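To keep things clear, I will list the structure first and then write my remarks on it.
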Amino acid sequence: MKKFKASLYVSAAAVFLALLLLHSCDNTEMWIRLFFGYLSGTREERLFKLDVGWPRDPSLFTGTPFDVAVDHQNSLVYVAQRGDNVSKVLVFTEEGYFKESWNTNTLEMPHGIFAAINPNEQSIWISDVGQGQYGHTVKQYSLSGKLLTVLGTPGKAGSSLSPLQFDQPADIFVKTNGDVYIVDGDGGLNNRLLMLTKDFNVEWTLGGNGTKPGEFYIPHCVAVDEFGRVWVADRGNKRIQVFDSITGEWIGTWDTCFSEDGPYSVRITADRKYIVVAQLNISRLLFLSFPPIGQIGQCQVVSTIQMADGVRPHLLDVSITTGSVYVAELGAQQVQRYVYV
């Protein structure tokens, strides 16, 4: 009994000390995490750190970077940027050295960029949200910037599937077998996800402006995992929706992690452990636990990176060889690289 009472007194003293510190310390959140987060096992991990030496010459970003894509086979990083009298695509090595800029007048306002690098294809895909003669399209280029394919009706916003039309298509993902996934509607007429075959025939489409499963409000980014699941950053609805990549059937929704700001990006880390999400308005990166095959459950934040106010991370990509995360930042007007700690 004496031992029990002594233990009780020690516990009460510890709680009293914690409350006293909470009351006296300005940084209440820090003390809450110290006393309760560590003990409950909810403390976030530190997974990535900023590589301050990438790129070697940040002044080369003469426009505003909107997205970034990694060519893992050739260790290159493609940056899509906007601005007057600037190259719309800059190419760097993964070591941070500038390689080249594209000399093309076929891009107006690039939004999403994707490197399709696999045994069947080596090309760069870019969505163009411009309002001029080349806009409202998704374009395929060679690695050196030669235009190869145009999807959509250039210069005409619309919702038609035949002929195919887009209205400010936000992002694209191409699987190794050639299947193409496009989220169409960066604030335009359409709020939809399209799946095209390798011959660019529309296999299925789903969406519509709304909050129900399978509906979207500004779908902003798309990714496909190795288990055949399509992940869509449903930005305006502050959620991520997941679908079957073959049938388009709705699998599940994550919405509890995005109360402060919607998800602008969705990419899977090289080790298949985390999903990386950028939240532009609060300048934050989230690392969410990646669920194995089966039900996705609800989202769980494992780690966060809080950037300085005004950085505004937009879209990002992951190198499957080095594991590095490259982030295009609208406010800072640069691309930064984060590497594993």
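Of everything listed in (1) open to solvent by 30 Å² or more (accessible area, probe 1.4 Å); (2) in a loop (DSSP other than H, G, I, E, B), the single unmet condition for Gly248 is (1). When you check Asp179 against the structure, is it closer than 18 Å to Tyr264 by Cβ and in contact (Cβ under 8 Å) with a residue 60 or more places away in the chain, yes or no? Spelling it out, it is not the case that Asp179 is closer than 18 Å to Tyr264 by Cβ and in contact (Cβ under 8 Å) with a residue 60 or more places away in the chain.
Would you say Val70 is under 27 Å from Arg284 (Cβ atoms), open to solvent by less than 40 Å² (accessible area, probe 1.4 Å) and touching a residue at least 24 places away in the same chain (Cβ under 8 Å)?
yes
Determine if region 187-205 includes at least one residue that is hydroxyl-bearing (Ser, Thr, Tyr), open to solvent by 10 Å² or more (accessible area, probe 1.4 Å) and within 24 Å of Gln131 (Cβ to Cβ). Yes, the conditions are met somewhere in region 187-205.
Within region 140-152, being under 16 Å from Asp167 (Cβ atoms) and open to solvent by less than 30 Å² (accessible area, probe 1.4 Å) holds for Leu151, Gly152. Pairs meeting the criteria (first residue in region 323-341 and within 10 Å of Phe61 (Cβ to Cβ), second residue open to solvent by 10 Å² or more (accessible area, probe 1.4 Å) and among the aromatic types (Phe, Trp, Tyr), beta carbons under 8 Å, at least 6 apart or on different chains) are Ala328/Phe66; Gln333/Phe61; Gln334/Phe61; Val335/Phe61.
Scanning region 167-194 for residues that are assigned to a loop (DSSP other than H, G, I, E, B) and of a type in the set (A, V, I, L, M) yields one hit, Leu189. Taking strands (runs of 3 or more DSSP E) as the structural unit, those lying wholly within region 58-166 and holding at least 1 residues that are of a type in the set (Lys, Arg) correspond to 76-82, 98-101, 137-141. Residue pairs whose Cβ atoms lie under 6 Å apart, separated by 6 or more positions or on different chains, with the first residue in region 113-129 and more than 14 Å from Lys139 (Cβ to Cβ) and open to solvent by 10 Å² or more (accessible area, probe 1.4 Å) and the second assigned to a strand (DSSP E or B) and among the acidic types (Asp, Glu), are Ile117/Asp71. Is it true that Val222 is in contact with a Lys or Arg (Cβ under 9 Å, 6 or more places away or on another chain) and not in a loop (DSSP other than H, G, I, E, B)? No; evaluated as a whole, the condition is false for this residue.
Candidates in region 218-245 are the residues that are under 16 Å from Leu196 (Cα atoms) and among the charged types (D, E, K, R); of these, the one that is most open to solvent (accessible area, probe 1.4 Å) is Asp244.
The values are calculated or read from the model by the stated rules, or taken from the named source; none is laboratory data. Fair warning: this is a prediction, and the values are worked out from it, not measured in the lab. We place every Cβ from the backbone using ideal geometry, glycine too, and count neighbours over all the protein chains shown. Just so you know, the surface numbers come from the protein's heavy atoms only, side chains and all, with ligands and any DNA or RNA stripped out. Shrake-Rupley method; radii C 1.70, N 1.55, O 1.52, S 1.80 Å.
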